[in-house]
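The values are calculated or read from the model by the stated rules, or taken from the named source; none is laboratory data. Predicted model only: the values in this text are computed from it and were never measured. A quick note on method: Cβ atoms are made from the backbone with ideal geometry, for glycine too, and the neighbour counts reach across all protein chains shown. In case anyone asks, the SASA skips ligands and DNA or RNA and just uses the protein heavy atoms, side chains included. Shrake-Rupley method; radii C 1.70, N 1.55, O 1.52, S 1.80 Å.
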Amino acid sequence: MKLLSKILLSTSFLFIAVCNTANASEASIPSISFAVLGDAEPKPKAEFPHVAQAVADVNQLTAQLNLQFVLGVGDLAHKGTLLQYENVTPVLQALQLPFYPIMGNEEYNSTPERFLTFANKWNQGKTTIDSIRYTLEFDQVALILASPDLGRDFNDSGINWLKQEVARLAPKPVLLVVHGAQQGVYQERPDKGISHPGFVTEVVNQPNVRAVISGDLHMDMPRVKHSLELNGVHYLHIPALERTKIPDESQHTPMYRVFHVHADGTVVVDTYQNGNLKPLAQYQYRFTL
């Protein structure tokens, strides 16, 4: 009888251990994974070798990481020229995944219509981009992708759209994807970014905004503070692929970032250097939805 009790007790512990392992395994599998590509706008030549390498890397990582789509934070085409748009098109068409870009200040040297025309060329039917501002909504989280209204800033109309969209989605957690974060976030260049006060007071301050994902500054990640939390909101900089500007132009390390949203609400942000299919541990950042 004692032997049977011991067997039953051992079996119970084994069952609990197996269940806990299964639950832990399920929690560790991301429910949403996506890559984010930063600025390009190469000069003086309209050549995109680092964007091409990042695209090739993302294609290789897609099955391994179960990536579902790729985001772009703007400033792909320097001065919005037709030549830059045309030259980056075959590079982005090589992406196997849907590509969801926004405009940056460089694209505003041309028109939103030109941007939308090429955004759909880049996708070749994988998805349709019919607005410069749109939302990707999932069960756990929503991504609001918002091009600026002019340059890198928003006007009252843009702020009102963002405010209403964040409120509409509440209480669902929101990740904002914008070209540049508000002024003052990144101390390496605090004067550059969104200046409209409503971006903070009416949009970012809403309780369901969890993160702001942005590019614009062309920061060299090894030499700057690229990921931080301010007032409960997480700010993630996406480094530029073709050119570094901050803290200076002496060193350029092309990188891109990959976001994993887990079932338990944990968000893991990994950083990859072009040509290296393993994330760089020193740049990993985590937060909770």
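Structure notes:
- As a calculated quantity, the FRET efficiency between Thr253 and Thr288 at R0 = 30 Å, using C-beta atoms, amounts to about 0.55.
- Over 25 Å (Cα to Cα) - which of Lys43/Lys121; Lys172/Lys278; Lys225/Lys278; Lys192/Lys225; Lys43/Lys278; Lys163/Lys225 fall in this group: Lys172/Lys278; Lys43/Lys278; Lys163/Lys225
- Taking every DSSP helix (H) stretch of at least 4 residues in the chain, weighting each as -39,500 (n - 2.57) and dividing the sum by the residue count yields a mean residue ellipticity at 222 nm of -9500 deg cm²/dmol.
- Spin-label proximity, Ala170 to region 193-210 - amide N less than 12 Å from point 7 Å beyond Cα toward beta carbon: 202-209
- Using only side-chain charges placed at the Cβ, +1 for Lys and Arg and -1 for Asp and Glu, the dipole size of region 110-207 relative to its Cα centre rounds to 240 debye.
- When both region 151-165 and region 241-289 are represented by their alpha-carbon centers, they are found 27 Å apart.
- Taking the protein heavy atoms of the chain in the context of the full set of protein chains, the accessible area attributed to carbon and sulfur is 54 percent at 1.4 Å.
- A Förster radius of 45 Å, combined with the Cβ-Cβ distance separating Gln124 from Leu150, puts the computed FRET efficiency at roughly 0.95.
- Chymotrypsin sites (Phe, Trp or Tyr not before Pro) within region 56-139, DSSP loop, no more than 16 other Cβ atoms inside 10 Å: Phe138
- Pairs of Cα atoms in the chain fall into 5 Å distance bins, from 0 up to the last occupied one, in shares of 1, 5, 12, 16, 18, 16, 12, 6, 3, 2, 2, 2, 1, 1, 1, 0, 0 percent.
- Dividing the C-alpha radius of gyration of region 162-289 by 2.2 N^0.38 Å, with N its residue count, gives 1.07.
- Simple spin-label estimate for Glu47 and Asn109 in nanometres, 7 Å along Cα-Cβ: 1.9
- 20 Å Cα-Cα reach of Lys45 towards lysines, excluding residues that sit fewer than 8 places from it in its own chain: Lys79, Lys245
- The chain, relative contact order in percent, only Cα pairs under 8 angstrom and at least six apart counted: 19
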